[in-house]
Amino acid sequence: MRIYLIGAGVISRTHAETAAKLGEEIELRVADPNPAAMAEFLEQFPGVPSYTNASDMLNAEPPQDDDIVIVGTPPFAHLEPTLLGLQSGRHVLCEKPLAMNNEEAELMLEAARKAGKLLGCCSVRFKGMHHNETVKQIIRSGQLGDIYHVTWVNKWARSRSGIEYQANSRWFLDSARSGGGVMMDWGPYDIAMMHDMLQPETVEVAGAWLGKPETAVDPADTKFDVETHVGAMMTFRGGISGPRPVSVHYERASCTHGDEYVKVEIEGTRGSVKWTPFDSRQPVYIRFDRDGQVVEEEVPLPPRSPYTIMDHPLVHFHRKVRGLSSLANVGDRAVDHFRHLQSVYGSASTGQSQLTSIHPADEEGQA
Ligand SMILES: NC(=O)c1ccc[n+]([C@@H]2O[C@H](COP(=O)([O-])OP(=O)(O)OC[C@H]3O[C@@H](n4cnc5c(N)ncnc54)[C@H](O)[C@@H]3O)[C@@H](O)[C@H]2O)c1
């Protein structure tokens, strides 16, 4: 199988590492106009055929049915390479966030349909971790009763992409290049996981807000206009909760002057589950009532999967291309998740509630 990497930066190098774990012979090719990024890539992966632009790479040979193009460029440069990949007759796995806005996401979907190829999004990075799969099984078993409330809060005091993390990639801070802040950076993962757990048929964002706490190290030499703290009240309807609406209290911060904490909990009429979706070293707890008393138990976890979070997007997409059961988000679902993400911005800017319909899970029941 051949994998074409567009972008030779930080994330493309992780995809190139994963390619060696797919259990079959993979030939890599890479395109990036930036000589420094390319030099670093080739130092780590010597001998990979390299190009200074994506068209030259994709036009250098005719497509094969199972070719995969991975778009690992910043968000402002997702649309064009994704269209190029699909129009060249290849499947495309695009980094998160899928696009800059809904219009771009729709153009991608249209191109995928026209080409008869898969369009996937890397927002599935945390899907398939052993502790998240365990929580999914607890929810699906019905032991929590009717699910009615979700708390999904991740607040980090100082973890801004482009400042504390990957300080050289300043594009994260500029909305014209990133499309937005922590909602575009971490929101795709939150949404992909919440949908995987709860499989909603519609999502209503009743209200949302954006914040940008100030610090002494805020860069003055670059445009910095993205939110680093976001919150929303959402209602999920349909899916595993049946007719009962599920209220979701959502918050995500890469910078806050408030307390740094993570609290992710799903509450039902007969019990709750609490865990740390982004850290598989942390335990999973269930709580329930026994004889009128609160009981908390740690849930035994199965062995860890051999794959890391950095492997998952390509591992899941590769399985999809091979026709195997997969946790990949492709086509309509990838775009629905992105529309849900955008509805948080929509609600924050208009003050109005926003409704998004979600296509049904595919034949494997994967959301
Ligand atoms: N860095 C991470 O930890 C991380 C994790 C998950 C997802 N991502 C996502 O991956 C994407 C890229 O992030 P990154 O951290 O690798 O950025 P980066 O800045 O390290 O690399 C991006 C590369 O894309 C290249 N590029 C830009 N336009 C191009 C084009 N038209 N054709 C070919 N190459 C082009 C740039 O020259 C640069 O080398 C973003 O969407 C980001 O959200 C990054």
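Each value in this text was obtained by applying a stated rule to the coordinates, not by laboratory testing. Just so we're clear, the structure is a prediction, and the values are computed from it rather than from any experiment. A quick note on method: Cβ atoms are made from the backbone with ideal geometry, for glycine too, and the neighbour counts reach across all protein chains shown.
Remarks
- Separation in nanometres of the label points that stand 7 Å from Cα toward Cβ, at Ala216 and Thr269: 5.5
- Debye intensity ratio in log₁₀ form over the Cα atoms of region 2-117, taken at each q of 0.12, 0.17 Å⁻¹: -0.38, -0.78
- Axis of helix 312-321 versus longest Cα principal axis of the chain: the two differ by about 70°, to the nearest ten degrees.
- Considering only alpha-carbon pairs that sit under 8 angstrom and 6 or more positions apart, the relative contact order computed for the chain is 19 percent.
- Cross-linked pairs Lys127/Lys274; Lys21/Lys96; Lys127/Lys155; Lys21/Lys114: Cα-Cα separations exceed 26 Å for Lys21/Lys114.
- Normalised by the number of residues in region 2-117, the mean separation of alpha-carbon contacts (under 8 Å, six or more apart) gives a relative contact order of 25 percent.
- On Cα atoms only, tilt of 187-198 relative to the major axis of the chain in degrees: 50
- Relative contact order of region 175-328, defined on C-alpha pairs under 8 angstrom at six or more residues apart (%): 15
- Angle in degrees between helix 102-115 and the longest Cα principal axis of the chain, rounded to the nearest 10: 60
- Of the residues Val273, Val294, Val284, the one with the fewest other Cβ atoms within 10 Å heads the list, and the complete ranking is Val294, Val284, Val273.
- FRET efficiency estimate (nearest 0.05) - Cβ-Cβ, Thr52 to Leu355, R0 45 angstrom: 0.55
- Considering the chain, its Cα convex hull presents a mean projected area of 18.7 nm².
- GNM result for the chain, Cα springs below 10 Å: residue of Thr308, Thr82, Thr228 fluctuating most strongly: Thr308
- Among Lys223, Lys117, Lys136: highest mean-square fluctuation, GNM of the chain, C-alpha pairs under 10 Å: Lys223
- The dipole here belongs to the chain: it is taken about the Cα centre, uses +1 on the Cβ of Lys and Arg and -1 on the Cβ of Asp and Glu, and is about 380 debye.
- Counted by neighbouring Cβ atoms within 10 Å, the residues Asp66, Asp221, Asp289 run from fewest to most as Asp221, Asp289, Asp66.
- Ranking of Trp209, Trp186 by neighbouring Cβ atoms within 10 Å, starting from the fewest: Trp209, Trp186.
- Across region 30-45, computed HN-Hα scalar couplings (Karplus, 6.51 cos²θ - 1.76 cosθ + 1.60, θ = phi - 60°) run 9, 10, 6, x, 8, x, 5, 4, 5, 4, 5, 4, 6, 5, 7, 10 Hz from first to last residue, x flagging Gly and Pro.
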